[in-house]
Amino acid sequence: MIRFVASVAASLLLAGCFSQQPAPAVDRAPAAQARTQAVAQPSGPGYYTVKRGDTLYRIALENGQDYRDIATWNNLTNPSSIKEGQVLRVIPPTAGVEGNGGVVARPVVTEPVVETRSLDQPVATAPAISGSIKREPKVGKEPYSDEAYARLNKSAEAATKPAEASPQIKPEAKSESAVPAVAVANGPDDVPWMWPSAGRLVSPYSESSNKGLDFAGRAGDPVLAAGDGKVVYAGAGLRGYGELIIVKHNATYLSAYAHNRKILVKEGQQVNRGQKIAEMGSTDADTVKLHFEIRKQGKPVDPAQYLPKR
């Protein structure tokens with residue numbers, strides 16, 4: 001009886017060991033991968049995190065870029081496909097930056113050629129080329145006489161006498177009214193600005209309320225390009241600006257022309273200073289006016305500090 005009970009107990013104990021479930025294995029690879037992706041997310045200068053309500057057009061304006069360039073740098077096929085929280089590159093990719101795994105392009109430095117010769121060998125001289133060597137005029141000798149002395153003094157006076165200045169012809173003065181006033185460009189990125197409208201200035205620049213200048217006028221009045229550049233935006237995709245034109249002048253400066261009735265240029269078109277690019281209107285505004293902005297590296301500045309005096 002005791003043997004039977006012992007054998008049954010051993011059987012039950014063995015069955016319990018086989019029926020115990022193994023501990024579940026947790027795959028931590030996705031979490032680790034997510035942490036790695038979070039660490040690798042670009043940030044800092046040159047990158048922008050999309051906020052609610054942002055558009056690619058406004059992001060481009062705020063960073064002084066062409067929206068199509070930003071789309072290219074971030075592999076965006078649709079400018080409207082950006083999402084809140086997305087990080088965008090807003091400066092051109094810098095190839096060849098040391099420390100980032102890029103290839104650094106360096107100028108090729110050629111060492112000067114060193115001539116080798118023995119110490120007792122004379123230095124080689126270049127062969128004289130006929131007609132390329134100037135020779136001093138030979139000095140002739142003649143016996144002393146009063147005529148020779150007078151002739152010598154006359155030649156010396158002629159050599160030292162300054163040539164008479166030819167009368168200067170003054171250029172014909174142009175009428176100031178025929179030539180538009182243009183600001184002077186001092187630096188390499190400075191723009192020789194001119195006024196974009198002949199209308200009366202009704203609202204000056206204000207950091208808090210007005211990011212540019214407002215000009216009064218009538219519907220259809222000409223809107224002029226304030227400087228040479230390329231049209232990087234033409235449309236009504238930025239709320240508050242109506243029919244808008246943005247011209248990129250160089251890597252530093254943009255200019256914007258808002259509330260137009262009619263746009264006369266296309267994106268990608270080169271325009272010249274003083275060219276009519278639009279007609280004044282009241283789109284997305286309560287009155288007919290031109291809102292004009294100058295942006296330096298994407299940040300609005302007071303255009304009155306750049307435009308010439310009227």
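Taken together, the values in this text are just the output of simple stated rules run on the coordinates, not laboratory data. Please read these numbers as outputs of a predicted model, since none were measured by experiment. Virtual Cβ from ideal backbone geometry, glycine too; neighbours counted across all protein chains shown.
Structure note, pairs Lys230/Lys299; Lys262/Lys309; Lys248/Lys289; Lys83/Lys230: Cα-Cα distances above 25 angstrom occur for Lys262/Lys309; Lys83/Lys230.
Name the shape class, rounded, prolate or oblate, that the alpha-carbon gyration tensor gives for segment 40-89, where a ≥ b ≥ c are the square roots of its eigenvalues, rounded holds for a/c under 1.5, and otherwise prolate holds if a/b is larger than b/c and oblate otherwise. Taking the square roots of the gyration eigenvalues as a ≥ b ≥ c, segment 40-89 is rounded.
Among 286-293, 303-310, what's the highest-first ranking by average C-beta atoms within 10 angstrom per residue?
On the way: 286-293: 19.0, 303-310: 13.5.
Result, highest mean Cβ count within 10 Å first: 286-293, 303-310.
Net charge of the neighbourhood of Glu293, taken over other residues with C-beta under 12 Å away and scored Lys/Arg +1, Asp/Glu -1, is +1. Peptides 55-67, 228-240 ordered by packing proxy, namely the average of other Cβ atoms within 10 Å per residue, highest first: 55-67, 228-240.
State, as an integer percentage, the relative contact order of segment 40-89 based on alpha-carbon contacts under 8 Å between residues 6 or more apart.
On the way: 49 pairs, mean separation 26.8, N = 50.
Value for segment 40-89: 54 percent.
Each peptide in 201-208, 212-219 gets a packing score, the mean of other Cβ atoms within 10 Å over its residues, and the list from highest to lowest is 212-219, 201-208. List the residues, sorted by chain then number, that are 5 or more residues from Gln297 or on another chain and whose placed amide H is less than 5 Å from its amide H. Sorted by chain and number, the residues that satisfy this are Tyr253, Leu254.
Residues with beta-carbon under 10 Å from that of Ser255, excluding Ser255: net charge, scoring Lys, Arg +1 and Asp, Glu -1? Local net charge: +1.
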